[in-house]
Amino acid sequence: MKFNRILLIGDKGQLGKEFSEYFNLNNIEFIGYDIDKLDVSNFNSLKDIFSSYHPDLVINCSAYTLVDNAEKDYESAYQVNAIGAKYLALLCNEFNSFLVHYSTDYVFDGKNNITYTEAKKPNPINNYGKTKLLGEEYIQSILSNDLILRLSWVYGNGSQNFIYKFRDWASKNNSLNISDDETSVPTSTKFVVENTIKSLELGIIGLFHLVPNGYCSRYEWAEEIKKKFNIETEIKKISKSEFNLPAERPTFSALNSQKIQELLKVDFKNWKDYF
Ligand SMILES: NC(=O)c1ccc[n+]([C@@H]2O[C@H](COP(=O)([O-])OP(=O)(O)OC[C@H]3O[C@@H](n4cnc5c(N)ncnc54)[C@H](OP(=O)(O)O)[C@@H]3O)[C@@H](O)[C@H]2O)c1
């Protein structure tokens with residue numbers, strides 16, 4: 001890696017833990033913070049860290065990812081997803097640090113019937129998506145030299161993912177209802193870390209979609225989870241509307257990662273091959 005002063009924000013989340021593990025395994029020095037030691041929406045705390053550490057690379061894995069809670073508490077989601085991103089961009093600009101930031105397929109309304117390329121105009125339908133889009137926009141208005149990667153249905157070491165939740169529900173129920181009208185791409189944190197590192201090594205800048213190829217509905221993903229973990233719980237297809245959740249979810253938000261595959265000179269595999 002051409003960077004040697006790495007600041008990892010949100011190091012206790014799913015993606016943050018994967019980065020920590022990667023850096024530790026490869027003897028790459030970094031410092032990591034999460035909400036217990038640093039609030040990304042507190043400009044002065046952030047500035048203190050930039051002033052003492054002078055990072056040359058900042059990887060922002062922090063986020064407010066509670067999609068339903070964000071409907072009732074827009075302000076908390078906005079502070080982390082939009083203001084936190086803005087403050088990091090301002091400080092990266094001042095301290096000449098390269099910023100890597102992550103966004104989401106939920107910036108789209110899900111009305112497409114083909115995969116979303118970067119050229120498609122976002123139109124978020126819930127507060128989580130709205131605050132994540134504002135985060136992207138703040139960064140783009142402040143920096144011209146940065147990397148924003150949109151991900152979807154992220155899973156890794158943590159509980160804020162569908163695999164963990166499905167296994168938990170299945171351990172308590174003989175039968176489960178799973179939506180068949182919500183389609184996207186399961187994306188492992190290992191895949192994200194590996195391709196972020198490659199992108200940094202190649203000096204890629206800009207906004208890109210970063211997910212494996214293919215896509216599936218929640219129901220189809222649940223079928224795969226059942227197979228992999230020998231789960232016998234019966235699953236029934238239903239419509240997402242039947243759950244009556246506070247946040248609306250896009251119907252079809254599968255991202256198209258062709259652009260970054262060309263720059264990385266790799267062909268991503270189907271999501272099932274990483275699962
Ligand atoms: N999870 C998904 O399915 C998904 C899908 C698409 C895109 N993404 C994006 O991918 C990135 C990584 O997501 P993830 O799944 O790793 O999320 P995650 O597991 O929820 O991790 C986010 C981390 O940020 C921390 N955090 C929250 N507020 C903070 C604050 N004010 N200051 C500092 N840290 C704070 C969280 O702490 P607490 O847990 O204590 O709040 C958590 O440790 C995010 O940008 C997310 O928007 C995720």
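Give me the log10 of I(q) over I(0) for the chain at q = 0.09, 0.11, 0.14 Å⁻¹, as the Debye formula computes it from C-alpha points; what are the numbers? Each listed q maps to, in turn, -0.41, -0.61, -1.00. In the elastic network of the chain, a GNM with C-alpha springs shorter than 10 Å, the most mobile of Asp48, Asp181, Asp105 is Asp48. A dipole drawn for region 159-258 from +1 and -1 charges on Cβ atoms has a positive end, and of Ala222, Asn173, Pro250 the residue lying farthest that way is Asn173.
Here's the picture: charge each Lys and Arg Cβ at +1 and each Asp and Glu Cβ at -1 in region 12-150, and of Ile83, Leu147, Pro122 the one pushed furthest to the positive end of that dipole is Pro122. For the chain, the relative contact order works out to 21 percent when only alpha carbon pairs closer than 8 Å and six or more residues apart are counted.
Our Cα-only numbers for region 69-163 put the radius of gyration and Dmax at 14.0, 43 Å. Between the beta carbons of Asn113 and Lys227, assuming R0 = 30 Å, the FRET efficiency works out to 0.60 to the nearest 0.05. Assign one of three labels to region 1-82, namely rounded, prolate or oblate, based on the Cα gyration tensor with a ≥ b ≥ c the square roots of its eigenvalues; rounded applies when a/c is under 1.5, prolate when it is not and a/b is larger than b/c, and oblate otherwise. In terms of gyration-tensor shape, oblate. Note on the chain: antiparallel DSSP beta bridges, both residues inside, total approximately 5 percent of the bridges counted.
If you take the alpha carbon atoms of region 219-275 and fit the smallest convex hull around them, that volume is 118 Å³ per residue.
Scalar couplings 3J(HN,Hα) for region 258-264, obtained by applying the Karplus form with A = 6.51, B = -1.76, C = 1.60 to θ = phi - 60°, are 4, 4, 6, 4, 5, 5, 7 Hz; x denotes Gly and Pro.
In this calculation the C-beta distance from Ile35 to Phe275 is compared with R0 = 25 Å, giving a FRET efficiency of 0.30.
For region 157-184 and region 27-87, compute the distance between their C-alpha centroids and round to whole Å. One Cα centre to the other: 28 Å. Here Lys17 is the anchor, and the lysines within straight C-alpha reach of less than 19 Å, apart from those fewer than 8 places off in the same chain, are Lys37, Lys165, Lys190, Lys198.
Comparing Ala119, Ala170, Ala89 in a Gaussian network model of the chain, where Cα atoms under 10 Å apart are tied by springs, the biggest mean-square fluctuation is seen for Ala119.
Coordinate range of the alpha-carbon atoms in region 127-275 per principal axis, descending: 51, 32, 24 Å.
By the count of neighbouring beta-carbon atoms within 10 Å, fewest first, Thr65, Thr117 end up ordered Thr117, Thr65.
When you restrict to C-alpha pairs under 8 Å that are six or more residues apart and normalise by the size of region 161-219, the relative contact order lands at 52 percent.
Using just its DSSP H runs of length 4 or more, each adding -39500 (n - 2.57), the chain gives a mean residue ellipticity at 222 nm of -11000 deg cm²/dmol after division by all residues. With neighbours defined as other Cβ atoms within 10 Å of a residue's Cβ, the residues Asp56, Asp273 order from fewest to most as Asp273, Asp56.
Values in this text are rule-based calculations from the coordinates and carry no lab data. None of the values given here were measured: they were computed from a predicted structure. Virtual Cβ from ideal backbone geometry, glycine too; neighbours counted across all protein chains shown.
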